[in-house]
Amino acid sequence: MTTNQNTKFLVGGAVIVLALAYLIYTGVTQSAVYFITPSELAAAAVAGKAYRLGGMVVAGSVHWNPASLDLQFALTDGKGRVPVRHTGTPPDLFGEGRGAVVEGAWTPEGYFKATLIMAKHSENYQAPHGDPSSAAYEEMIRALQRRAPR
């Protein structure tokens, strides 16, 4: 092999490695789900801006009208509380004292208008629910508070 062929081989290999690294990076960053907490939203809410908001559903705050499909509830991270409204049926795993992530926008009227409610679980993890004084509920609130601001 000549020096010219070796150079072409190295350049071609480097291009392939860089292309693979880029594909892996974009795949990982696009699959990550980022959300803001209720206290972060309260600190810098912009009416009309789209957000992904995550927190715990406040016990006693869920009101659902099956006739109009109007759902109202509040999310908290232990520091802030945000009223949320959604039109549609809530997911099966949605409930008071459980974690939820909603997508939507902050309204000028002072509530979060959700277009999507996400409730996801795995076989190994179950969101704490029930009594807000339980250890699992308190641990979830602490985990939300430890989240590093973006």
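Here, each number is a calculation from the coordinates, and none is a lab measurement. This one's a predicted model, so the numbers in the text were calculated from it and none came from an experiment. Don't worry about glycine lacking a Cβ; one is built from the backbone with ideal geometry, like all the others, and counts go over all protein chains shown.
Going by average Cβ density within 10 Å per residue, which order do the peptides 17-25, 85-93, 49-57 take, highest to lowest?
By packing density, highest mean first, the sequence is 49-57, 85-93, 17-25.
Report the net charge of residues surrounding V62, where surrounding means a beta-carbon distance below 12 angstrom and charges are Lys +1, Arg +1, Asp -1, Glu -1.
Numbers: positive: R85, R98; negative: D70, E96.
Result for the local shell: 0.
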